[in-house]
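Comments concern the structure below.
The values are calculated or read from the model by the stated rules, or taken from the named source; none is laboratory data. Since this is a predicted model, take the numbers as computed values, not measurements. Every residue, glycine among them, receives a Cβ derived from its backbone with ideal geometry; neighbour counts consider all protein chains shown. With ligands, DNA and RNA removed, areas are computed over all heavy atoms of the protein, side chains included. Shrake-Rupley method; radii C 1.70, N 1.55, O 1.52, S 1.80 Å.
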Amino acid sequence: MSSNNNFSSFDDENESKLMRKAKESPFVPIGMAGCAAVVAFGLWRLKSRGNTKMSVHLIHMRVGAQGFIVGAMTLGVIYSMYKEYSAHKDLGKDGK
């Protein structure tokens, strides 16, 4: 019985940590999901690649996944800079 309670509290702790991290940097889960989507699309297209070599197909899939992640990271940095700028701007209005 006590082991079941340990597992449920372990799951609750991990879930809350994941949600907290997603709220701190929301573009990380978006980048991960996009990377998974690019890989899934690449695997789906694998069956109809025609005469394209496997290595070329895999390189294109890798470039697409990396591009999505770099884009999500860039948007995350811009978002955090905007949040920081707006927080400093709000402090200036209060006169503090």
| field | Residues satisfying the stated conditions in the stretch 29-63, i.e. in a helix (DSSP H, G or I), in contact with a helix residue (DSSP H, G or I) (Cβ under 7 Å, 6 or more places away or on another chain) and open to solvent by 60 Å² or more (accessible area, probe 1.4 Å) | value | I30
| query | If you go through the stretch 35-47 one residue at a time, do you hit one that is touching a residue at least 24 places away in the same chain (Cβ under 8 Å) and either more than 26 Å from Y82 (Cβ to Cβ) or in contact with a strand residue (DSSP E or B) (Cβ under 8 Å, 6 or more places away or on another chain) (or both)? | reply | yes
| query | In the stretch 64-88, how many residues are open to solvent by 100 Å² or more (accessible area, probe 1.4 Å) and touching a helix residue (DSSP H, G or I) at 6+ places or on another chain (Cβ under 7 Å)? | reply | 1
| said: Just checking, does the stretch 75-87 include any residue being of a type in the set (D, E) and modelled with pLDDT of 80 or more? | reply: yes
| note | Only unsatisfied item for G50, checking (1) more than 26 Å from K17 (Cα to Cα); (2) in contact (Cβ under 8 Å) with a residue 12 or more places away in the chain, is (2)
